Amino acid sequence: MYIDPREYEYHSEYERMIKAYPPEQRYLLAIMQDIQKEFHYLPRLALKIISQHIGVPFSKVYAIASFYKAFSLVPKGRVVFRVCDGTACHIKNSETLIDQLHKQLGIGPGETSADGEYSLETVNCLGACALAPVMVVNGKVYGKVGPSSIEKIIKEYGGCCHGQAGK
Ligand code: FES
């Protein structure tokens, strides 16, 4: 199992968070949620410590982490753009927003820019269909987003317009 050497920098932090829970399998998801929330992904080193702490094989912990869409196994960008592509938003042209972001950020859904600044994701329904099309940026909800608003929103997060953000 390959572990990125940079993850060792946070070894004690992972241990502190993981060992805050009793060593029982039923806390697996709660521990993973905490790590995901703090680091925006699940580092392999953290998964290894979890597996040792609760006594579940690494392969099983890894399989669970890969199964849930809420967890990421790769680091996310500083700014995460989540565009809803559920039915209501799709009807209201969410695809155009995804295209716009793709053009402006230079990344497609599920990707992170090489400089680690931006991630683009699509989600199914954010539960705010009345505001379709909806997009969430680092937890902030934007409703009734028109293609013309995209540049403005990217700029709010330090990106630029036309071509790749930040350039
Ligand atoms: S379909 Fe987009 S918020 Fe429900």
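Just so you know, all these numbers are worked out from the coordinates, no wet-lab data involved. None of these values were measured; they are calculated from a predicted model. Please note: Cβ atoms are built from the backbone with ideal geometry, for glycine as well, and neighbour counts cover all protein chains shown.
Could you list, in their original order, any pairs among K37/K155; K48/K155; K48/K69 whose Cα atoms are separated by more than 29 Å?
As for pairs spanning more than 29 Å Cα to Cα, those are K48/K155.
What chymotrypsin sites (Phe, Trp or Tyr not before Pro) does segment 39-125 have in DSSP loop regions with at most 13 other beta carbons within 10 Å?
Y68
Among residues other than Q52 whose Cβ falls under 14 Å from its Cβ, what is the net charge (Lys/Arg +1, Asp/Glu -1)?
So the surrounding residues net to +2.
Of Q25, L45, G106, which is farthest on the positive side of the dipole of the chain, counting Cα position, with +1 on Lys and Arg Cβ, -1 on Asp and Glu Cβ, and the Cα centre as origin?
Q25
Please state the charge dipole magnitude for segment 25-167, taken about the Cα centre, from unit charges on C-beta atoms (+1 on K and R, -1 on D and E), reported in debye and rounded to the nearest 20.
Charge dipole of segment 25-167: 280 debye, to the nearest 20.
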